[in-house]
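The values are calculated or read from the model by the stated rules, or taken from the named source; none is laboratory data. Please read these numbers as outputs of a predicted model, since none were measured by experiment. When we count neighbours, we look across all protein chains shown, and the Cβ atoms used for this are built from the backbone with ideal geometry, even at glycine. For accessibility, only protein heavy atoms count, side chains too; no ligands or nucleic acids. Shrake-Rupley method; radii C 1.70, N 1.55, O 1.52, S 1.80 Å.
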Amino acid sequence: MDAIVGIDVSKDHLDVHIRPEGRAFSVTRDAEGLASLVDQLASLDVKAIGVEATGGFETVVVASLAAAGLPVVVVNPAQVRAFATA
């Protein structure tokens, strides 16, 4: 089953939600947390990973996921908000 992953990035941690299984978890936004995130996502059949642009905090996350060969895309926060209110 194809998984769609959404990641909310903050200064200290990442909140991850995986659909359609509905699993959610958090990891720290450091080398250890990113390694854990990559390991967990690499074991899934991930179709897309959406990361909201957050003033540069997303850069290391996106680079780590892309380096692991995972399908990651940075999304515009204004578009995410518009979609949420639709």
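Length gained on full extension, A68 to S36: 10.3 nm, using 0.36 nm per residue less the C-alpha separation. About its Cα centre, the dipole of the chain is roughly 220 debye, where the only charges are +1 on Lys and Arg Cβ and -1 on Asp and Glu Cβ. On full extension, the segment bounded by N76 and A3 gains 24.2 nm, given 0.36 nm per residue less the C-alpha separation. Taking each DSSP H run with n ≥ 4 as -39500 (n - 2.57) and averaging over every residue of the chain yields -10000 deg cm²/dmol at 222 nm. On a per residue basis, the chain carries 59 Å² of accessible surface, using protein heavy atoms and a 1.4 Å probe. When a 1.4 Å probe is rolled over the protein heavy atoms, the share of accessible surface on the chain that falls to carbon and sulfur comes to 57 percent.
Convex hull volume per residue, computed on the Cα atoms of region 3-85, equals 88 Å³.
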